[in-house]
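Colleague: A single structure is presented below for examination.
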Amino acid sequence: MAEFVQQNIEKMLPELEQLERVGVFDKHEIKVIIKKRTDHEYRLVRRTKKKEDFLRYIQYEINTLSLIHHRREKLGYFFKKEEIEYAIVGRIHYLFKRAIRKWPEDLKMWMSHIEFCKKWNKRIQLSKMFASLLSMHTNKPGLWIMAAKWELEENQSADNARSLLQRALRTHPESKQLWLEYFRMELLHTEKVRIRWNIISSEFSRPEGSEDIPDALFQGKAAIIVYTKATEAIADDIEFILSFIPVCQKFDFTSEHQDLIYNDLQERFADHELTWNAIAQREMQGETTAIEEAQKRGLNHELAVLNLIDKACQVYDKAVQKVNTVKMWSLYCDFLTEKLQETASESFMDQVSSRLLNNLSAAQEEDNMSEQMYGTWVDLLEQLGKLEEATEVSASATDKYTQSSDLWVQRLKLLAAGGANQINPVFHKAIAKVKSKDSISLWTFRIEWAISNREEQVEDLFQKAILSVKTWSTPIQEWYVQWAVVSGGIKKTRAAYKWLTETKFVPLPVFRKYIELESGQLKPKMKLIRNCYEAALREYGDAEPDLWLDLIKLERTHPEGKPENAGHLYWRAVKTLSGEQNQYFISRYALVQTGHLEQ
């Protein structure tokens, strides 16, 4: 072993001599480097090799490269890179290769080597590395895409990128991600060809008889072929077809491609809501251009946008006639809501909100209202100051979706704005309809209302809420304890905690909250705090090592604590905890004993 280490160290001597000769490192630093490298080399020749040893050695060499770079800049000396930096880079490559051969399944190591090659512009190395990586991990489409993107965008080789993606699709013919990337790659290649052709055509006069660039290449016909093959491989998936549209929109020569996709949608999915939604949204593609043209002419750009919205709405109007479903109406209303939020212009908002209100009313007549649509309708009416109408719509919403806690809370808030007379009957009706696990927001509203109006039954509401919600009552229990200390001091808090313990379900955060409040008193009662800890440990001691540690630290540090209890608590914890929790507790307890976790 020693002879192999010595041989490797001797190979490093030329670069070290150069580093000393040019003044990057002095003699003492060279000796330190030799010692460090010798230590690393010995670790690598052990019988049992560890991944961490390779990674530490690689990181040390990378740090050395960084230090050499800083020293060179300081000295202003940039020669002899081949003898120094490139020798170290070569060693790092060799170390990466050895590690990858030993642990080929470790993708993080592959990625680290790839990033290192990119940093040092090692293109030949990268191509070979991607080939090795893909031969090992053929089942990961993301790696094929990464390799193809590098070939096209950095190595400037469209042929290699195309070949990689074709190989990938033979292995994964139903990978949507691969098909989309192949489609994007062909469009990107076409764009580069068009840009180059335009530059050449503008800067140089073309000789007579010279041929134009082939139309198929110039118009991106390859991407059309890819799309056709993709939709044949993955048939009857409308969302997959729709995913090609955003890719097309990134390029300015894809009108033919988009026409094909939209025609395909209409032929294959004529009665699907997403088809009509896509066709309507297409009317808005020229929004940015329309605004720019209006501004150049000094016209009101909002009119241009409203014209586009009108065209989109005409498509949606046809859609809800042919596909009269909740989803279609919902998509229509979502479109108008989105446009309403994009501007603060009063005249624009008036026109769009008027159309949205009409649509919501029409959807209700057709009995095609979703829960979200009702919420949008009520919010819009409230913003427009039509509280009476909003209250009527809200009542209709809760009649249709009786189990929706959000709609009931929305209705209660409207009633609260108009007066308190109907709060209780509507609240009790809501609690009767909504499932217990979904009723937290209802109880939260009712308790907040009671507190703000200084009702006497606040505590009664807290307790009813906790008993009603049960398992999901953690936030309400914490709130109850906090409210008790604010409204009645520590005595009321203790009474609240006592009542909670009688319910037989107290979440750990509530125990901790009560301990925090007791500990924050001017004269904390250690007996009560200790009892609370013990109650928490009975419930959660088998899975919460930190709870044991907190009590041990309290006994050791509190003026009224009993340090002699620490050992007994330790043995109880060790018997109660198991597995990783047990090991965690033992290691942390050792820190407590040495004083590192006292605070």
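Colleague: Taking the condition of being out of contact with any Leu (no Cβ under 9 Å at 6 or more places or on another chain) and open to solvent by 20 Å² or more (accessible area, probe 1.4 Å), how many residues in segment 172-187 meet it?
Modeller: Number of matching residues: 6.
Colleague: Here are Asn358, Asn324: which of them is outside any helix (DSSP H, G or I), of a type outside the set (A, V, I, L, M) and open to solvent by 20 Å² or more (accessible area, probe 1.4 Å)?
Modeller: Of Asn358, Asn324, the one residue that is outside any helix (DSSP H, G or I), of a type outside the set (A, V, I, L, M) and open to solvent by 20 Å² or more (accessible area, probe 1.4 Å) is Asn324.
Colleague: Same structure, new question: Criterion first (without any contact (Cβ under 8 Å) to a residue 24 or more places away in the chain and closer than 30 Å to Trp144 by Cβ) does Gly76 satisfy it?
Modeller: No; evaluated as a whole, the condition is false for this residue.
Colleague: Now for a separate question. How many of the residues making up segment 271-295 are over 33 Å from the mean Cα position of the chain (by Cα) and not in a helix (DSSP H, G or I)?
Modeller: 1
Colleague: Does Leu508 qualify as being touching a helix residue (DSSP H, G or I) at 6+ places or on another chain (Cβ under 9 Å), at pLDDT 90 or above and in the same structural domain as Glu455 (by the TED database)?
Modeller: Against the criterion (touching a helix residue (DSSP H, G or I) at 6+ places or on another chain (Cβ under 9 Å), at pLDDT 90 or above and in the same structural domain as Glu455 (by the TED database)), Leu508 qualifies.
Colleague: Output yes when any residue across segment 571-579 is basic (Lys, Arg), modelled with pLDDT of 85 or more and open to solvent by 50 Å² or more (accessible area, probe 1.4 Å), and no when none is.
Modeller: Yes, segment 571-579 has at least one match.
Colleague: Return yes when His257 is modelled with pLDDT under 90, touching a helix residue (DSSP H, G or I) at 6+ places or on another chain (Cβ under 7 Å) and not aliphatic (A, V, I, L, M) and no when it is not.
Modeller: On the way: modelled with pLDDT under 90: no; touching a helix residue (DSSP H, G or I) at 6+ places or on another chain (Cβ under 7 Å): yes; not aliphatic (A, V, I, L, M): yes.
Against the criterion (modelled with pLDDT under 90, touching a helix residue (DSSP H, G or I) at 6+ places or on another chain (Cβ under 7 Å) and not aliphatic (A, V, I, L, M)), His257 does not qualify.
Colleague: Name the pairs whose Cβ atoms lie under 8 Å apart, with the first residue in segment 147-176 and closer than 16 Å to Ala230 by Cβ and part of a loop (DSSP other than H, G, I, E, B), the second small (Gly, Ala, Ser) and open to solvent by less than 20 Å² (accessible area, probe 1.4 Å), and 6 or more positions between them or separate chains?
Modeller: Here the result reads Ser175/Ala168, each pair linking segment 147-176 to a residue that is small (Gly, Ala, Ser) and open to solvent by less than 20 Å² (accessible area, probe 1.4 Å).
Colleague: In segment 261-273, what residues are without any contact (Cβ under 8 Å) to a residue 40 or more places away in the chain and buried (at least 18 other Cβ atoms within 10 Å of the Cβ)?
Modeller: Ile261, Leu265, Phe269, listed by residue number.
Colleague: What number of residues in segment 8-32 are in a helix (DSSP H, G or I) and open to solvent by 70 Å² or more (accessible area, probe 1.4 Å)?
Modeller: Number satisfying all stated conditions: 9.
Colleague: Within segment 519-527, is there a residue that is free of Cβ contacts under 8 Å to residues at least 24 places away in the same chain, part of a helix (DSSP H, G or I) and open to solvent by less than 10 Å² (accessible area, probe 1.4 Å)?
Modeller: No, there is no match, as no residue in segment 519-527 is free of Cβ contacts under 8 Å to residues at least 24 places away in the same chain, part of a helix (DSSP H, G or I) and open to solvent by less than 10 Å² (accessible area, probe 1.4 Å).
Colleague: If you scan segment 50-85, which residues turn out to be more than 18 Å from Glu20 (Cβ to Cβ) and open to solvent by 70 Å² or more (accessible area, probe 1.4 Å)?
Modeller: Lys50, Glu52, Leu55, Arg56, Gln59, Asn63, Glu73
Colleague: Continuing with the same structure: Condition first: open to solvent by less than 30 Å² (accessible area, probe 1.4 Å) and under 19 Å from Cys532 (Cβ atoms). Now tell me which residues in segment 463-475 satisfy that.
Modeller: Scanning segment 463-475 gives Ile466, Ser473.
Colleague: Anything in segment 389-415 that is open to solvent by 10 Å² or more (accessible area, probe 1.4 Å), assigned to a helix (DSSP H, G or I) and within 10 Å of Glu371 (Cβ to Cβ)? List them, or say none.
Modeller: Lys400, Asp406
Colleague: Residue check, Tyr316 against (1) farther than 24 Å from Phe240 by Cα; (2) open to solvent by less than 30 Å² (accessible area, probe 1.4 Å); (3) modelled with pLDDT of 90 or more, all met but one. Which one?
Modeller: (1) is the only condition that Tyr316 fails.
Colleague: Oh, and also: May I ask you to list the residues in segment 313-327 that are touching a helix residue (DSSP H, G or I) at 6+ places or on another chain (Cβ under 7 Å) and farther than 12 Å from Met369 by Cβ?
Modeller: If the condition is that a residue be touching a helix residue (DSSP H, G or I) at 6+ places or on another chain (Cβ under 7 Å) and farther than 12 Å from Met369 by Cβ, then Cys313, Val315, Tyr316, Ala319, Val320, Val323 are the ones that fit.
Colleague: Now, a different point. Hey, Tyr540 hits all of (1) aromatic (Phe, Trp, Tyr); (2) open to solvent by less than 50 Å² (accessible area, probe 1.4 Å); (3) within 28 Å of Lys498 (Cβ to Cβ) but one; which does it fall short on?
Modeller: If we test Tyr540 against (1) aromatic (Phe, Trp, Tyr); (2) open to solvent by less than 50 Å² (accessible area, probe 1.4 Å); (3) within 28 Å of Lys498 (Cβ to Cβ), just (2) comes out false.
Colleague: Among the residues of segment 447-468, is there at least one that is of a type in the set (Ser, Thr, Tyr), touching a helix residue (DSSP H, G or I) at 6+ places or on another chain (Cβ under 7 Å) and not assigned by the TED database to the domain that holds Val574?
Modeller: yes
Colleague: Does Lys513 fit the bill of being open to solvent by 80 Å² or more (accessible area, probe 1.4 Å) and within 26 Å of Glu459 (Cα to Cα)? Full working, then the answer.
Modeller: Details: open to solvent by 80 Å² or more (accessible area, probe 1.4 Å): no; within 26 Å of Glu459 (Cα to Cα): yes.
The answer is no for Lys513.
Colleague: Tell me which residues, restricted to segment 484-510, are crowded, with 19+ Cβ neighbours inside 10 Å and of a type in the set (A, V, I, L, M, F, W, C).
Modeller: Selection gives Ala484, Val485, Ala496, Leu500, Val506, Val510.
Colleague: Cβ-Cβ distance below 6 Å, separation of 6 or more or different chains: which pairs start in segment 225-244 with a residue that is assigned to a helix (DSSP H, G or I) and end on one that is open to solvent by 40 Å² or more (accessible area, probe 1.4 Å)?
Modeller: Ala233/Pro173; Ile238/His272; Phe240/Lys176
Colleague: Would you please name the residue that is most open to solvent (accessible area, probe 1.4 Å), looking only at residues in segment 101-124 that are over 17 Å from Ser66 (Cα atoms) and in a loop (DSSP other than H, G, I, E, B)?
Modeller: Glu105
Colleague: Of the conditions (1) under 28 Å from Gln219 (Cβ atoms); (2) open to solvent by less than 80 Å² (accessible area, probe 1.4 Å); (3) not in a loop (DSSP other than H, G, I, E, B), Leu143 clears all except one; give me its number.
Modeller: (1)
Colleague: With the requirement that a residue be farther than 19 Å from Thr391 by Cβ and open to solvent by less than 80 Å² (accessible area, probe 1.4 Å), what does segment 442-452 give you?
Modeller: Looking only at segment 442-452, we keep the residues that are farther than 19 Å from Thr391 by Cβ, and these are 443-444, 447-448, 450-452.
Trp443, Thr444, Ile447, Ala450, Ile451, listed by residue number.
Colleague: Can we say Glu456 is within 38 Å of the chain's Cα centre (by Cα), acidic (Asp, Glu) and farther than 21 Å from Cys333 by Cα? Before the answer, list the steps.
Modeller: On the way: within 38 Å of the chain's Cα centre (by Cα): no; acidic (Asp, Glu): yes; farther than 21 Å from Cys333 by Cα: yes.
Criteria not met by Glu456.
The values are calculated or read from the model by the stated rules, or taken from the named source; none is laboratory data. This one's a predicted model, so the numbers in the text were calculated from it and none came from an experiment. All Cβ positions, glycine included, derive from the backbone under ideal geometry; neighbour counts span all protein chains shown. Only protein heavy atoms, including side chains, enter the accessible area calculation; ligands, DNA and RNA are left aside. Shrake-Rupley method; radii C 1.70, N 1.55, O 1.52, S 1.80 Å.
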